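See structure below.
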Amino acid sequence: MRRYTKPAAVATALGALSLAAFGSGAADAAGTADRNTGSWSESRVTAVSDSWNHRTAQVNKRIMERYTSEYLPGRDPALASRFVSPDIVVHSGGQTWQGRDTYLGIVAANLKAFPDLKWTVEDVRAEGDTVAIRYSMTGTHEGPFAGVEATGKAIRSESMAFYRLSHGKIVEERAQLDMLGILRQMGAVPVA
């Protein structure tokens, strides 16, 4: 979140939103007028900014907890629309894809390759509009994946992804999957 150093800019940006978000006593919590000097207090402005950042992070974390517990296990495309923006941008393995339909196509291809694919959330961290999740992944290689035909081998891998959210939906994902580990377990790359 952008931090403003001028009190007028903070008042404009946070004005009514702060009052609604913080409930009773919001004027004091939002750092409106300092009762002693009649002017803005920089420490109050910083506190409001930090509080807003924390609140946004916690809301986004809850959304991602629902995404990983509701969408990932069932992979229902209709349910995806609750969590994934139509304009999502996905970055992974040096490539970029855009759009929810493309995202759903990637999910479908992974499920074809690993029909019993299971993602387990190992850790979640949130700050502002970004949520980082560390996953472990298990599945059986029963379809084409990364140019390798089905091997029937079980795989286990670690991955992590950073999700940026806006208006309650994922608008960007930056994912890192241990592709080398997966390819080695499938027998496509020799173990050194």
Whole-Hz ³J(HN,Hα) for each residue in the stretch 156-167, computed from phi via Karplus 6.51 cos²θ - 1.76 cosθ + 1.60 with θ = phi - 60°, x for glycine and proline: what do you get? 9, 8, 10, 8, 9, 9, 10, 10, 9, 10, 8, 6
Residue by residue through the stretch 87-94, which ³J(HN,Hα) values in whole Hz follow from phi under the Karplus form 6.51 cos²θ - 1.76 cosθ + 1.60 (θ = phi - 60°), with glycine and proline marked x? 9, 3, 10, 10, 10, 6, x, x
³J(HN,Hα), Karplus 6.51/-1.76/1.60, whole Hz, each residue of the stretch 64-75, x for Gly, Pro: 5, 5, 5, 4, 6, 8, 9, 7, 4, x, x, 6
For the stretch 76-186, what relative contact order do you get, as a whole percent, if you take Cα pairs closer than 8 Å and at least 6 residues apart? 26
Tell me the label-point distance for the pair residue 78, residue 122, using the 7 Å Cα-to-Cβ offset, in nm and rounded to one decimal. 3.5
Taking the Cα centre of the stretch 103-164 as origin, work out the dipole magnitude from +1 charges on Lys and Arg Cβ and -1 charges on Asp and Glu Cβ, in debye rounded to 20. 60
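Read-outs: derived from the displayed coordinates by stated rules, not from any lab. Predicted model, so just to flag it, every value in this text is computed and none were measured. Positions of Cβ are generated from backbone atoms using ideal geometry, with glycine treated the same way; all protein chains shown enter the neighbour counts.
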